[in-house]
């Protein structure tokens, strides 16, 4: 047998082996995707956050795990209504709330305990349920928004709204807006009252209401600063970021009385069969990479202590020890009465 024929035979054998390996390797690679063919349905908040979550969470999960994720834009109240209505046979697996509904949902037996990952277990206690029914993956901080070209020294207290130099340059939300309720409570706290002694809050609002602009929607924030000669208002850190991105000289300042916070929280419907997929999504939301991206693009602060914000955006977020929780049960019990009183004494 010639040397050429030996080499030719060896080449054919080698080629056959090479053709066989990729087929098996390709099959193994396809099988390696843990959740191939499975689907998760999750409620989401919509807006700019939807773009980030679609691109960096949903698409990533599909690429890395094989699962497909569909987001259903729902406000928290509507999401909670669906969770209750579909309790026996949920059409949505993972619910995201911003109004504290996860606590009531757990109390009513509408959610299930989750198999927390190490990253979830590492969250501070206030950001996770003791029984693993829910966790918070983002925080919206409430405080004081102000125009840096008009107020050169950042405000430090809700008492600053009574400064005579700000008269005629104040805006605040109506009590039909959740932030309007919290502003009333914080004004009460700043003047010695609180959730169960709201009179000091109403008294303080009366002092500024006559010369203030009272608005209803989050979309009005930038208009107030741009068109109504407003220098200072109570609202959230995310709105400050949006305002600045629009070219408005607006910054966020935490108040010494504390920073009320809105937790962005995920929980899973009790009868969902996709809790494992939901855990994968929540874990991705908690990754430092996504926590920082959400903070930068949406203005929601991180809950994962391993997420270190870059210096250029860190100053826009309060430290965790400044965050406070208002007594939502007390507020809810009195909200109807406060709304009626607000319309009679404050709103024009």
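The values are calculated or read from the model by the stated rules, or taken from the named source; none is laboratory data. These numbers were taken from a predicted model, which means no experiment stands behind them. As a convention, Cβ positions derive from the backbone with ideal geometry for all residues, glycine included, and neighbour counts pool all protein chains shown.
Okay, residues lined up against (1) surrounded by 21 or more Cβ atoms within 10 Å (Cβ to Cβ); (2) in contact with a strand residue (DSSP E or B) (Cβ under 9 Å, 6 or more places away or on another chain):
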{"residue": "32", "(1), (2)": "no, no"}
{"residue": "68", "(1), (2)": "no, yes"}
{"residue": "78", "(1), (2)": "no, yes"}
{"residue": "86", "(1), (2)": "no, yes"}
{"residue": "89", "(1), (2)": "no, no"}
{"residue": "94", "(1), (2)": "yes, yes"}
{"residue": "97", "(1), (2)": "yes, yes"}
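Looking only at residues that are more than 19 Å from the chain's Cα centre (by Cα) and assigned to a helix (DSSP H, G or I) in the stretch 84-120, which one is modelled with the lowest pLDDT? Taking the candidates together, the pick is 107.
For the stretch 215-241, the tally of residues that are crowded, with 20+ Cβ neighbours inside 10 Å and touching a residue at least 60 places away in the same chain (Cβ under 8 Å) stands at 14. Would you confirm, using the coordinates I've provided, whether residue 283 is modelled with pLDDT under 95, more than 30 Å from residue 206 (Cα to Cα) and either touching a strand residue (DSSP E or B) at 6+ places or on another chain (Cβ under 8 Å) or in a helix (DSSP H, G or I) (or both)? So residue 283 fails the test.
Here the stretch 297-325 is the region considered, the condition is being touching a residue at least 12 places away in the same chain (Cβ under 8 Å) and not in a loop (DSSP other than H, G, I, E, B), and the residue that is surrounded by the fewest Cβ atoms within 10 Å (Cβ to Cβ) is 324. Inside the stretch 207-255, residues that are assigned to a loop (DSSP other than H, G, I, E, B) and over 15 Å from residue 147 (Cα atoms) make up a count of 6.
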